[in-house]
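The values are calculated or read from the model by the stated rules, or taken from the named source; none is laboratory data. As the structure is a prediction and not an experimental result, all values here were calculated from the model. Glycine also receives a Cβ, built like all others from the backbone with ideal geometry; neighbour counts cover every protein chain displayed.
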Amino acid sequence: MKSKINELNNLYSSVLDNIEQVRRCMGSHHIDHALVFLNTHHIKLDNEIVRIQYPIPTILCKLNGIQTKIGLDLATNETYIGFIKFTLTKEDLLSFNFEALRSFRIGIYGFYYYQELVNFDDLEQIKLNASRSGESVLHIKTRISSIKQIENIIDKMTEKKETSSQKRFSMISYVCDCQQQITIDTYSGQCPICGKDSPHKRKVEATCSICGRHCLKDQYGNGECENCGWQFERDEESLEKARGISYPMLVTPTTAREQFKKGLPFKATFNEFINGLYFYSEMQFEHDNIMYEVYFEHDEKIIFCSSEMIQEYSSREDFQNNAHINKRLLKDIWHEVKNPNFMQCG
Ligand SMILES: [Zn+2]
Ligand SMILES: [Zn+2]
């Protein structure tokens, strides 16, 4: 049994790699999606079709408002790795962006109805036929032979949204009340299957603690201010009081308010950075395009290093007063430091 599973895992590893690529593409387009697994599957083994149980990944999402399913499969030959299928009403079919599928052989079908779109010159006639069919729901389906094709379709189907460089890439996964495993790439998302708000949807009215503008938080008190870029945390004032930092921003609300007033970007002071070290144990910053790390070793010793150098300090005071970059004390050149923050994983 175990060797059978290993065999299947090896067999399907390319499928899982492919689905990861598609998910990354969805992530970069901020498309909410669900990853679901279909279990029963037929494969051809030694010229015999056998039914096996193996979780085949499928992505469900909406592209430009149209219910979309992307199924990936074993490459049985060079021209097939899966399919993309759109489910839509007849009205939506008339305005469907067929251009996104121009180089494909497309099947359009309902329960009783099937036609193939091979030549784009026939498109208008085919749309007309479909709209006259008795079907209320139609599917548009095409076979896919590379991940690049899927990425191209996603590119063409999704309107380019203006994303400010400030916008962080974020992704959360959770099990929705509809029992689907959902992955959404924005904090304002809804379950792409049942439409229920995600638990992290920003919908609680609030006032930004830094700039004073109106903003939205989630039910847990998390959120980010679109005006000043501050990221809220439920207990930010008490965290500042107790540890002299905020999380995940590091810079304290008090410092952030001063910086906002002066029109400066948020940046932790050297002292806040060290407070962060004692809170989180691993920190990083940039100086002169070089990444530096500061972390604890054996609980006591503070290591300060880059790929070029390494320094050791025995205490907070020792680090604070003596850490240096090329003999220039860190405390004196803190204004040159960029992005001091908690160590980012990955
Ligand atoms: Zn749901
Ligand atoms: Zn704000």
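Of the residues Arg243, Arg213, Arg257, which single one is near ligand 2 (Cβ under 10 Å from one of its atoms), of a type in the set (Lys, Arg) and under 30 Å from Phe319 (Cβ atoms)?
Arg257
Report yes if some residue within the range 210-222 is part of a loop (DSSP other than H, G, I, E, B) and within 16 Å of ligand 1 (Cβ to nearest atom); otherwise report no. Scanning the range 210-222 turns up no residue that is part of a loop (DSSP other than H, G, I, E, B) and within 16 Å of ligand 1 (Cβ to nearest atom).
Let's see how each residue does on (1) of a type in the set (Lys, Arg); (2) in contact (Cβ under 8 Å) with a residue 60 or more places away in the chain; (3) loosely packed, with under 15 Cβ neighbours inside 10 Å:
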{"position": "Lys261", "(1), (2), (3)": "yes, no, yes"}
{"position": "Glu297", "(1), (2), (3)": "no, no, yes"}
{"position": "Lys301", "(1), (2), (3)": "yes, no, yes"}
{"position": "Gln311", "(1), (2), (3)": "no, no, no"}
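Looking across the range 219-240, the residues that are away from ligand 2 (no atom under 14 Å from the Cβ), over 20 Å from Tyr280 (Cα atoms) and of a type outside the set (Gly, Ala, Ser) come down to Gln219, Tyr220. Scan the range 321-346 residue by residue and report those that are exposed (fewer than 14 other Cβ atoms within 10 Å of the Cβ) and aromatic (Phe, Trp, Tyr). If the condition is that a residue be exposed (fewer than 14 other Cβ atoms within 10 Å of the Cβ) and aromatic (Phe, Trp, Tyr), then no residue fits.
When the test is whether a residue is buried (at least 16 other Cβ atoms within 10 Å of the Cβ), within 16 Å of ligand 1 (Cβ to nearest atom), at pLDDT below 90 and among the small types (Gly, Ala, Ser), Ser198 passes it. The residue that is nearest to Ile172 (Cα to Cα), among those in the range 201-210 that are more than 13 Å from ligand 2 (Cβ to nearest atom) and at pLDDT 90 or above, is Val204. At least 3 residues being within 29 Å of Asp122 (Cα to Cα) and in the same structural domain as Gly110 (by TED's automatic domain parsing) is the threshold, and among the strands (runs of 3 or more DSSP E) wholly inside the range 1-95 those reaching it are 48-63, 66-77, 80-89.
Go through Ala206, Ala256, Ala268, Ala242 for me and flag whichever is in a strand (DSSP E or B), of a type in the set (A, V, I, L, M) and more than 16 Å from ligand 1 (Cβ to nearest atom). Before the answer, list the steps.
Numbers: Ala256 fails: in a strand (DSSP E or B); Ala268 fails: in a strand (DSSP E or B); Ala242 fails: in a strand (DSSP E or B).
One residue alone meets the criteria, Ala206.
Could you count how many residues in the range 223-239 are surrounded by 16 or more Cβ atoms within 10 Å (Cβ to Cβ), modelled with pLDDT of 90 or more and assigned to a loop (DSSP other than H, G, I, E, B)? Of the residues in the range 223-239, 4 are surrounded by 16 or more Cβ atoms within 10 Å (Cβ to Cβ), modelled with pLDDT of 90 or more and assigned to a loop (DSSP other than H, G, I, E, B).
Beta carbons closer than 6 Å, at least 6 apart along the sequence or on distinct chains, pair a first residue in the range 216-237 that is in the same structural domain as Thr255 (by TED's automatic domain parsing) with a second that is of a type in the set (Val, Ile, Thr) for Lys217/Val204; Cys228/Ile210; Trp230/Ile210.
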